[in-house]
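The values are calculated or read from the model by the stated rules, or taken from the named source; none is laboratory data. Nothing here was measured: the structure is a model prediction, and the numbers come from that model. A quick note on method: Cβ atoms are made from the backbone with ideal geometry, for glycine too, and the neighbour counts reach across all protein chains shown. Side chains included, ligands, DNA and RNA excluded: accessible areas come from the protein's heavy atoms. Shrake-Rupley method; radii C 1.70, N 1.55, O 1.52, S 1.80 Å.
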Amino acid sequence: DKGLIAANSSLILAKVGSYLDEYRPDMVVAMMGVNDIGAHIAYDKPSSWKIVLFVRSLKTYKLARLLGLRLVTNFMKSAGPSARNDAEYLALGREYYHSGRLLQAEECFMKSIALNPRNDGAYIGLGLVYHDLWQFRKAEESFNKAIGINFNNDMAYVELGRLFHERGQLQKAEQSLNRALELNPGNDLAYLELGRLYHKQELPQREEENLIKAVEINPRNEWAYREIGRLYYERGQFQQAENYFKKAIASNAGNKAQFYGALGTLYGETKQFAPAQECLRNADQIRLSAYNLTTSDNFRKLKNILNKRNIRLVCVQYPMRDIGPLKKVFRGDDGGILFADNEKIFKDAVKGEGYKAYFNDMFGGDFGHCTDKGNRLLAVNIANIVLAYVLDR
């Protein structure tokens, strides 16, 4: 078992080679992607020359990131060495980071720093890369270098606070986030992270105050809406939770599927089965229309790595979710893959015994971190799929 809490698929892919060398398995079971950042693109991606169709296939926010990456990349390829400066490498590094290409992002941030050792933005970017690769010491060093260059960089303190929080250094996290707010009282992300921190410390009143402050400052902060909705859901204040999940959807959120899933979960918990099914269908339709670029790339890379070693891949979909989007990731090249569908068994179980019997939270919207009972249901289903394949052979 090489599952890692909060791991993204890029980290998993970076480690898989050493795992294969150490264990020499016949089969690899992978359930990954929920922690990935980056853009989503349409499944039926047109050829590169059909730019108009390509543009129409994407949401505005995500389109901007993908086009930004393409434009900056093309510029960097065409420009001579004299045209390259630290700002251009910083821009390219950010686009690589937001598309989940962490190693390319690291390279660009390092080049930006080499050209301008006082580029605090590049150090923040480098810290984010190391954070996502679980190189926490290097991440902390990078954020501190950004602060050493620019004492007024509030975002460096936010990222440092988030890092301390995830490492369990809660006092340091609170100090860093409060420092960010001293520098910039309008930093909604600092309030969001403080809300999450107080949730960890089981201080619900302070959690609520900071999360509400985040959405007051930035009414488009979809994650603050989600956290407030989750807080009210856990308290049993379902009407308030419903209102905030709806606000998240209305905020033009880039993660509407997750918020529709959360709303569907809430309706299911309150025995409103018709609207629950409608919300979950909406979530499934969004996922069927687009997939996370980072996740899909890494699943295909994982398949290619395993194919070269003649190792069978088992792709596991998350509980409650349609298997369709996961299958489409491979664009028809899914021969030899075993797929573990966990939609029906979990939906039936939740309908019978309630959501909280199988999940501890609403992390994924329509699913969360499993209880012991949920973990057992998940494990038995995967085991049965694997055993059926082995026995059939």
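If I filter segment 218-265 down to residues being of a type in the set (Lys, Arg) and not in a loop (DSSP other than H, G, I, E, B), which single residue comes out as farthest from Phe359 (Cα to Cα)?
Keep residues of segment 218-265 that are of a type in the set (Lys, Arg), which gives 220, 226, 230, 235, 246-247, 256.
Now drop any that are not not in a loop (DSSP other than H, G, I, E, B), which leaves 226, 230, 235, 246-247, 256.
Details: Arg226: 17, Arg230: 13, Arg235: 15, Lys246: 22, Lys247: 24, Lys256: 21 Å.
Per the stated criteria, the residue is Lys247.
Might you let me know whether segment 315-326 holds any residue that is in a helix (DSSP H, G or I), in contact with a Cys (Cβ under 9 Å, 6 or more places away or on another chain) and either open to solvent by less than 60 Å² (accessible area, probe 1.4 Å) or within 20 Å of Glu208 (Cβ to Cβ) (or both)? Show your work before the answer.
So the first thing to find is which residues in segment 315-326 are in a helix (DSSP H, G or I), and the list is 324-326.
Of the ones still in play, those that are also in contact with a Cys (Cβ under 9 Å, 6 or more places away or on another chain) are 326.
Filter again for either open to solvent by less than 60 Å² (accessible area, probe 1.4 Å) or within 20 Å of Glu208 (Cβ to Cβ) (or both), leaving 326.
For segment 315-326, residues in a helix (DSSP H, G or I), in contact with a Cys (Cβ under 9 Å, 6 or more places away or on another chain) and either open to solvent by less than 60 Å² (accessible area, probe 1.4 Å) or within 20 Å of Glu208 (Cβ to Cβ) (or both): present.
Which residues, taken from segment 336-348, are modelled with pLDDT of 95 or more and either of a type in the set (Gly, Ala, Ser) or not in a helix (DSSP H, G or I) (or both)?
Once the filter is applied, which keeps residues that are modelled with pLDDT of 95 or more and either of a type in the set (Gly, Ala, Ser) or not in a helix (DSSP H, G or I) (or both), segment 336-348 yields Ile337, Leu338, Phe339, Ala340, Asp341, Asn342.
Any residue that is at pLDDT below 90 and within 26 Å of Ile382 (Cβ to Cβ) - is there at least one of those in segment 256-263?
Yes - at least one qualifying residue is present in segment 256-263.
Applying the selection to segment 366-387, what residues are aliphatic (A, V, I, L, M) and out of contact with any strand residue (DSSP E or B) (no Cβ under 9 Å at 6 or more places or on another chain)? Give the steps one after another, and end with the answer.
Quick first cut of segment 366-387, residues aliphatic (A, V, I, L, M) only: 377-380, 382-383, 385-387.
Hits for segment 366-387 are Ala379, Val380, Ala383, Leu387.
Considering every residue within segment 183-203, establish whether at least one is of a type in the set (Asp, Glu), under 26 Å from Leu4 (Cα atoms) and surrounded by fewer than 17 Cβ atoms within 10 Å (Cβ to Cβ).
Step one: of segment 183-203, the residues of a type in the set (Asp, Glu) are 188, 193, 202.
In the following step, the residues that additionally are under 26 Å from Leu4 (Cα atoms) were identified as 193, 202.
If we keep only those that are surrounded by fewer than 17 Cβ atoms within 10 Å (Cβ to Cβ) too, we end up with 202.
Yes, segment 183-203 has at least one match.
Is it the case that Lys303 is in a helix (DSSP H, G or I), surrounded by 15 or more Cβ atoms within 10 Å (Cβ to Cβ) and not β-branched (Val, Ile, Thr)? Give the steps one after another, and end with the answer.
Values: in a helix (DSSP H, G or I): yes; surrounded by 15 or more Cβ atoms within 10 Å (Cβ to Cβ): yes; not β-branched (Val, Ile, Thr): yes.
When the stated conditions are applied, Lys303 passes them.
When you go through (1) touching a residue at least 60 places away in the same chain (Cβ under 8 Å); (2) farther than 14 Å from Met31 by Cα; (3) not in a helix (DSSP H, G or I) one by one for Val386, which number turns out not to apply?
Condition not satisfied by Val386: (3).
Scan segment 349-365 for residues that are assigned to a helix (DSSP H, G or I) and either in contact with a strand residue (DSSP E or B) (Cβ under 9 Å, 6 or more places away or on another chain) or without any contact (Cβ under 8 Å) to a residue 24 or more places away in the chain (or both) and report the count.
Quick first cut of segment 349-365, residues assigned to a helix (DSSP H, G or I) only: 349-353, 355-357.
Narrowing further to those that are either in contact with a strand residue (DSSP E or B) (Cβ under 9 Å, 6 or more places away or on another chain) or without any contact (Cβ under 8 Å) to a residue 24 or more places away in the chain (or both): 350, 352-353, 357.
Selection size over segment 349-365: 4.
Here's a check for you: in segment 75-97, which residue that is under 24 Å from Asp297 (Cβ atoms) and at pLDDT below 90 is surrounded by the fewest Cβ atoms within 10 Å (Cβ to Cβ)?
Lys77
Got a sec? Which of Tyr389, Tyr355 is at pLDDT below 95, farther than 25 Å from Ala283 by Cα and either within 25 Å of the chain's Cα centre (by Cα) or among the hydroxyl-bearing types (Ser, Thr, Tyr) (or both)?
Values: Tyr355 fails: farther than 25 Å from Ala283 by Cα.
The match here is Tyr389.
Look at Tyr130 and say whether it is open to solvent by less than 20 Å² (accessible area, probe 1.4 Å), in a helix (DSSP H, G or I) and among the aromatic types (Phe, Trp, Tyr).
On the way: open to solvent by less than 20 Å² (accessible area, probe 1.4 Å): yes; in a helix (DSSP H, G or I): yes; among the aromatic types (Phe, Trp, Tyr): yes.
When the stated conditions are applied, Tyr130 passes them.
For segment 133-144, name all the residues that are of a type in the set (Phe, Trp, Tyr), open to solvent by 20 Å² or more (accessible area, probe 1.4 Å) and assigned to a helix (DSSP H, G or I).
Pass one, segment 133-144, residues of a type in the set (Phe, Trp, Tyr): 134, 136, 143.
Of the ones still in play, those that are also open to solvent by 20 Å² or more (accessible area, probe 1.4 Å) are 134, 136.
Matches in segment 133-144: Phe136 only.
If you check every pair at least six apart or on different chains, which have Cβ atoms under 7 Å apart with a residue in segment 195-213 that is touching a residue at least 24 places away in the same chain (Cβ under 8 Å) and within 11 Å of Leu231 (Cβ to Cβ) first and a residue that is open to solvent by 60 Å² or more (accessible area, probe 1.4 Å) and part of a helix (DSSP H, G or I) second?
What qualifies is Glu207/His199.
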